[in-house]
1. Any chance the stretch C:152-160 includes a residue that's buried (at least 16 other Cβ atoms within 10 Å of the Cβ) and within 12 Å of another protein chain (Cβ to nearest Cβ)?
2. Taking A:Glu149 and the conditions (1) within 13 Å of another protein chain (Cβ to nearest Cβ); (2) within 13 Å of ligand 1 (Cβ to nearest atom), which numbered condition does it fall short on, given that it satisfies the others?
3. Among the residues of the stretch B:97-104, are any within 13 Å of chain A (Cβ to nearest Cβ), in contact with a Gly (Cβ under 6 Å, 6 or more places away or on another chain) and at pLDDT 95 or above?
4. Of the residues A:Val85, A:Val42, A:Val16, only one is over 24 Å from A:Met127 (Cβ atoms), within 14 Å of another protein chain (Cβ to nearest Cβ) and at pLDDT 95 or above; which?
5. Tell me which residues, restricted to the stretch A:211-230, are under 19 Å from the mean Cα position of the chain (by Cα) and of a type in the set (Lys, Arg).
6. Report the residue count in the stretch A:47-69 for those that are crowded, with 17+ Cβ neighbours inside 10 Å and among the acidic types (Asp, Glu).
7. Which members of the stretch A:172-213 meet the condition of being over 18 Å from A:Cys143 (Cβ atoms), buried (at least 20 other Cβ atoms within 10 Å of the Cβ) and not aliphatic (A, V, I, L, M)?
8. Would you mind finding the one in B:Asn78, B:Asn34 that is away from chain A (no Cβ under 14 Å), touching a Phe, Trp or Tyr at 6+ places or on another chain (Cβ under 8 Å) and surrounded by 15 or more Cβ atoms within 10 Å (Cβ to Cβ)?
Amino acid sequence: MIVAERKPFSEILSMVEDYSRILVVGCGSCVTICMAGGEEEVKILSSQLRLAFKKNKKDIEVEEAMALRQCDDEYMNNPELINKVKKADIVISMACGIGVQHATAFFNRIITDKPIKIVPGLNTTFMGANLDVGVWEERCVGCGDCVLEKTGGICPITRCAKSLLNGPCGGSSNGKCEINKETDCAWHLIIERLEALGELDRIKPIEMYKDWRPSHDGGPRKIIREDMRI
Amino acid sequence: MTEFEPKIIAFCCHYCALAAADVAGKTGLQFSPNIRIIRVLCTGKIEVPHLLKAFESGADGVVVISCKFGECYFKEGNFRAQKKVERAQSLLQEAGLKPERLLFDFVPGPGAKKFVDILNGMTERVRSLGPNPSVH
Amino acid sequence: MKSGSNLERLLEKGEFVVTGELGPPKGTDVDVVKKKASMLKGNVDAVNITDNQTAIVRMSSIAAAKVLIDEGLEPNMQMVARDRNRIAMMSDLFGANALGIRNMLCLSGDHQTFGNHPEAKNVFDIDSIQMIYMVKTMRDEHKVICGDEIEGDFKMFIGAACNPFADPFRYRVHRLAKKVEAGVDFIQTQCIYDMKRFKEFMKQVVDMGLHEKCKILAGVTPLKSVGMARYMAANVSGIIIPEEMIARLKGAGKGNVATEGIKILCEQMQELKETEGIAGIHLMAIEWEHRVPEIMEMAGFLPRPKP
Ligand code: SF4
Ligand code: SF4
C-alpha cells in the first residue's frame with residue numbers, strides 16, 4: 001500500500017490560515033490503513049485547526065469529509081462531497097500525493113464557477129508493507145521492470161541504499177547496510193534467501209545495465225488496458 | 001472579579017475509577033464540583049479525537065483515569081490510553097494549548113482517596129493554568 | 001597494451017607494484033595536490049585520486065589527476081557511481097582519457113549520508129560491476145553503451161575495489177569473480193588488518209584462479225593511534241581490526257604508538273608480498289603522505305622499478 005505521514009501541524013496551518021472556510025477531506029484507502037489520512041486523522045486535524053484558530057481569535061470554519069478513494073473519480077463523484085468542496089475556500093486533502101492531484105483535477109473539472117485549491121495534509125513517503133502494528137517499511141519503488149524472480153523476492157532497487165544490481169557492496173557488515181546499523185543489507189538478505197532456495201547461482205552472472213525508462217526516469221508512466229475500454 | 005471556575009472532564013474507567021467514585025460518595029469524601037465524569041468501559045476505548053473534542057467543546061482540562069498497570073480488566077487498555085493521552089498532549093501543544101491541561105492517572109481498585117486527590121489536584125492545576133484559550 | 005600506463009607495464013613485467021593514494025583538497029587549492037604529490041613522487045608507482053571520498057565535496061578526481069600528471073606522477077583516477085549517470089561517466093572518461101589519464105578505479109561510492117551533503121539525491125544509474133563492463137566495452141570494442149562508435153582512441157587500465165572484510169564473507173570471492181568476468185584488470189582491496197581472514201580469502205581467490213585473470217593489490221593503511229584503530233573498527237563498516245593488533249599498539253606506550261603502527265604496517269607489507277596471488281600493495285596513507293617515503297624505505301620497497 002501507499003504509506004504516508006501527516007505533515008507537521010505548523011506547515012499545514014501556514015497553508016490555510018489566510019482562508020475562512022476550510023474543508024479537510026480524508027481518504028478511505030491506503031492512508032486510512034496506515035493511519036495517516038483516514039476518518040480519525042481528519043477529526044484530529046480538524047480539531048487541532050479549530051483549537052488553534054479559536055485561540056488566535058480567527059473566525060475560520062473547518063468542515064470534515066471523506067472519500068473512499070481520492071485517486072478515483074467514482075468515489076468522489078458524490079453530491080454531498082462536491083457541495084462541501086464548493087463551499088470551501090481551500091481544501092486540505094489527507095490523501096496521498098496521487099489523491100491530492102486527482103482530487104484537484106476532478107473538482108476543477110466538476111466545479112466550473114471557481115477554481116478549487118487543494119493542498120496536501122500528508123507527506124507521501126513510500127510503497128510499503130505493514131510489518132507490525134504501527135510499523136511500515138518500503139518495499140517497492142515501482143521501477144517498472146520487476147527483478148524479484150532473480151533476487152529471491154527481495155528488491156535490490158528499493159532496499160539496497162545504492163540500488164545495486166550486483167551487490168553487496170563493500171559496506172555490508174554483519175547483515176546490515178553501511179548507511180546504518182538498523183537497516184538490513186538487502187543483498188545480504190538476497191544471498192541468504194537464494195542459498196536457502198539453492199539458487200545462489202542466479203546472481204553469479206553479471207546483471208546488466210538497467211533500463212530505467214519504465215521507471216520514473218521516463219516521465220509520468222501510463223498504462224492503457226484496451227480490453228477494459230469501450 | 002469572580003475566581004475562574006474550570007470545567008474539567010474526567011474520563012473514568014468503569015472498573016476502577018468509577019468504583020472509587022462510588023466509595024468516595026459512600027464515605028463522604030468530597031471532590032470538586034468542577035468535574036464532569038464520563039464513564040467508559042475501558043480507558044483503552046478513548047480515542048484521540050475524543051480528547052481533542054473535549055477541549056473544543058469547552059473543557060479547560062481533561063483527565064483520564066484508568067486502573068493500575070497490570071490491573072486493566074482488558075489487559076492493556078490502560079497502556080493504550082496512556083499512549084493516546086501522550087499523543088493528544090503533543091497535538092494540543094501544536095495547536096497552542098498547554099499539554100498540562102490533559103492528564104493521565106490511575107487509581108488502584110476502590111482507591112477513593114487517590115481518586116479524589118487526582119480530581120482535586122487537576123482542578124487546582126487547571127485553575128492556575130487559566131481558562132482554555134481556544135474557548136474563552 | 002590496454003592502456004600503456006606505467007602501472008600496467010610494471011604489473012605485466014611481474015614487478016611487485018605499490019600504489020599510493022591522494023585525497024584532493026576541499027576546494028581549489030592546487031598546492032595541496034602538488035605538495036602531497038611531491039611526497040609520493042618516486043616512492044610509489046601510481047597514485048589513486050579519490051572521487052569525493054566519504055561523499056565530502058572535493059576537487060574532482062579528473063582535475064586532480066591532471067595536476068598529478070603535470071607533476072610527473074601517474075594517477076589512478078577513482079570514479080564512483082553515486083554522483084554520475086552513464087552519460088556523465090562516459091563523457092568524463094573521454095575527458096580523462098584526453099587529459100592523459102590511463103588508470104581508473106570503478107567504485108560504487110560511499111553513500112551520501114556519510115558526507116557533508118546528506119540531502120543530495122544519489123544517482124546509482126549503474127553499479128561498479130556494470131561500470132567495469134562499460135569501460136571495457138569502450139576500450140575493447142571502441143563503443144559507448146548504446147553501440148555508437150567512439151571517435152578517437154580510448155585507453156584505460158581498469159581497476160576496481162574488493163572488500164574481503166565485508167559480509168557475507170562466503171560470497172565475497174564470487175563478487176570478485178563477477179568483477180573479473182566484467183573485465184577488471186586490477187583490484188585494490190580494502191585495508192587489511194585481519195591477516196587471517198585475508199589469507200582465507202586469498203586461498204579462495206587462488207583456488208578459483210582469479211589472481212591469474214586480474215592483478216590483486218593488497219590494501220594497507222597505517223594505524224596512527226589507538227583511538228583511530230578503535231574508531232575504525234567500530235564505525236567503518238567493512239573494516240576488521242583484530243584486538244591483538246590494538247593491544248600491540250597500546251603496548252608500545254605513549255609517544256611510540258605511531259612508530260609501532262608503521263612497524264606493524266611494514267611487517268604486513270612484507271607478509272603480503274609473500275602471499276600467493278598478491279601482485280602489489282595499495283598504500284593508503286590517509287593524510288600521512290609525508291611518512292610514505294619512510295614507510296617505503298623501512299618496508300624495503302625502495303627504490304621503485306623504472307617504468
Ligand atoms: S524490482 Fe522494481 S517492481 Fe520489483 S519490487 Fe523492486 S522496484 Fe518494485
Ligand atoms: S550495504 Fe548492502 S544494502 Fe547497503 S548499500 Fe551496500 S549492498 Fe546495498
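The values are calculated or read from the model by the stated rules, or taken from the named source; none is laboratory data. If you're wondering where the values come from, they're calculated on a predicted model, not measured in any experiment. All Cβ positions, even for glycine, are placed from backbone atoms using ideal geometry, and neighbour counts span all protein chains on display.
1. Yes, the stretch C:152-160 has at least one match.
2. With respect to (1) within 13 Å of another protein chain (Cβ to nearest Cβ); (2) within 13 Å of ligand 1 (Cβ to nearest atom), A:Glu149 is out only on (1).
3. Taking every residue of the stretch B:97-104 in turn, at least one turns out to be within 13 Å of chain A (Cβ to nearest Cβ), in contact with a Gly (Cβ under 6 Å, 6 or more places away or on another chain) and at pLDDT 95 or above.
4. Residue meeting the stated conditions: A:Val16.
5. Selection gives A:Arg221, A:Lys222.
6. Count: 1.
7. Hits for the stretch A:172-213 are A:Ser172, A:Ser173, A:Cys177, A:Glu178, A:Cys185, A:His188.
8. Among B:Asn78, B:Asn34, only B:Asn78 is away from chain A (no Cβ under 14 Å), touching a Phe, Trp or Tyr at 6+ places or on another chain (Cβ under 8 Å) and surrounded by 15 or more Cβ atoms within 10 Å (Cβ to Cβ).
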